[in-house]
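Colleague: Next up is a structure, given as structure tokens.
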Amino acid sequence: MHTGIASPASPTLPPALLPSETAFFLDVDGTLAEIVADPAQACIPPDALTTLKALRDAAGGALALVSGRSIAQLDAMLHPLVLPVAGVHGLERRDFDGRVSRMVVDTAAHRRLVSAVDSFASTRPGLQTEEKPGSVALHFRNRPELGADCLHFMNTECNGDSRLTLVQGKMVAELKFGSRDKRQAIADFMNEHPFRGRRPFFAGDDVTDEAGFAGVNALGGISVKVGSGDSAAHFRLADPAALAGWLARLLASRAPARGPAGEQERG
Ligand SMILES: [Mg+2]
């Protein structure tokens, strides 16, 4: 089935590439998983998970997720697949060998921030607070008319602490400590095995992915915007199903018995 796949006539479809020479970086929400009313209910479809596992094998392990979610949430969404991941927009990262690094944050200030956002949300039914390592997100997907109020509140909190960065996404405003972003997370992976020396590919759907697109473009890589809207990405696919379908076709078009997966499949 190829439903949801962008028109083959689209001039912006990404070019064919060799998984064995590519470092794949993928955002999750809006890119692999459809955005749903309750972020806790978002999931990567089983077919897409199967494709991710095959892509990881075909790319010799050079596949990482780069998301605003925490590593713990990403692991739960991928289970039983375990991949290198950058969580909370790069504030935490697990490399190919499983080593986790996290930005050190002032835990008292983080707790105070979470409690301030919680109390703002508690008087406005429908708003959701999401606490993450080194950050807190305020979701207003179920109360879009409160978006401006939410942004104003988060902006005021941000201005009260120079260590904070305000991140705006689709129906969400987030305050994170420090300024690490997806560009830096991708750059960190690109300095390490098995990503090093490969051509980076990054697909994402939201404002926070633009830093990643810029970084990948600067490295001569392939940047793919999923969905509509202005973007620095060079290529475009319609929705998560289109990306999963494109990746599945990329794998299907590989010559059998070639590539790094061959070794694992023997014997
Ligand atoms: Mg996203």
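Colleague: Going through region 159-201 one residue at a time, which ones are open to solvent by 70 Å² or more (accessible area, probe 1.4 Å) and not in a loop (DSSP other than H, G, I, E, B)?
Modeller: Residues satisfying the conditions are ASN159, GLN168, ARG183, GLN184, ARG199.
Colleague: Of the conditions (1) within 15 Å of the ligand (Cβ to nearest atom); (2) at pLDDT 95 or above; (3) closer than 14 Å to THR12 by Cβ, ILE222 fails just one. Which one is it?
Modeller: Failed condition: (1).
Colleague: Looking at region 181-194, can you tell me whether even one residue there is more than 16 Å from the ligand (Cβ to nearest atom), in contact (Cβ under 8 Å) with a residue 40 or more places away in the chain and within 21 Å of ASP29 (Cα to Cα)? Give the steps one after another, and end with the answer.
Modeller: First, pick out the residues of region 181-194 that are more than 16 Å from the ligand (Cβ to nearest atom): 184, 187-194.
Narrowing further to those that are in contact (Cβ under 8 Å) with a residue 40 or more places away in the chain: 184, 188-190, 192-194.
Subset that is within 21 Å of ASP29 (Cα to Cα): 184, 189.
Scanning region 181-194, I find at least one residue that is more than 16 Å from the ligand (Cβ to nearest atom), in contact (Cβ under 8 Å) with a residue 40 or more places away in the chain and within 21 Å of ASP29 (Cα to Cα), so the answer is yes.
Colleague: Name the residue, out of ALA42, ALA59, ALA6, that is modelled with pLDDT under 95, assigned by TED's automatic domain parsing to the domain that holds MET190 and among the hydrophobic types (A, V, I, L, M, F, W, C). Even if it seems obvious, please write down each step before you answer.
Modeller: Values: ALA59 fails: modelled with pLDDT under 95; ALA6 fails: assigned by TED's automatic domain parsing to the domain that holds MET190.
ALA42 is the lone residue from the list that is modelled with pLDDT under 95, assigned by TED's automatic domain parsing to the domain that holds MET190 and among the hydrophobic types (A, V, I, L, M, F, W, C).
Colleague: Answer with yes or no whether ARG94 is away from the ligand (no atom under 16 Å from the Cβ), modelled with pLDDT of 95 or more and farther than 30 Å from PHE153 by Cβ.
Modeller: Working: away from the ligand (no atom under 16 Å from the Cβ): yes; modelled with pLDDT of 95 or more: yes; farther than 30 Å from PHE153 by Cβ: yes.
For ARG94, the condition - away from the ligand (no atom under 16 Å from the Cβ), modelled with pLDDT of 95 or more and farther than 30 Å from PHE153 by Cβ - is met.
Colleague: List the pairs whose first member sits in region 217-246 and is in the same structural domain as LEU49 (by TED's automatic domain parsing) and part of a helix (DSSP H, G or I), whose second member is open to solvent by 40 Å² or more (accessible area, probe 1.4 Å) and within 14 Å of the ligand (Cβ to nearest atom), and whose Cβ atoms are under 6 Å apart, counting only residues at least 6 apart or on separate chains?
Modeller: PRO240/GLU34
Colleague: Same structure, new question: Considering only region 139-155, I want to know if a residue exists there that is touching a Gly at 6+ places or on another chain (Cβ under 7 Å), open to solvent by 20 Å² or more (accessible area, probe 1.4 Å) and outside any loop (DSSP other than H, G, I, E, B).
Modeller: no
The values are calculated or read from the model by the stated rules, or taken from the named source; none is laboratory data. Predicted, not measured: the structure shown is a model, and the values here were computed from it. Virtual Cβ from ideal backbone geometry, glycine too; neighbours counted across all protein chains shown. To get the accessible areas, we keep the full protein, side chains included, count just its heavy atoms, and leave off ligands, DNA and RNA. Shrake-Rupley method; radii C 1.70, N 1.55, O 1.52, S 1.80 Å.
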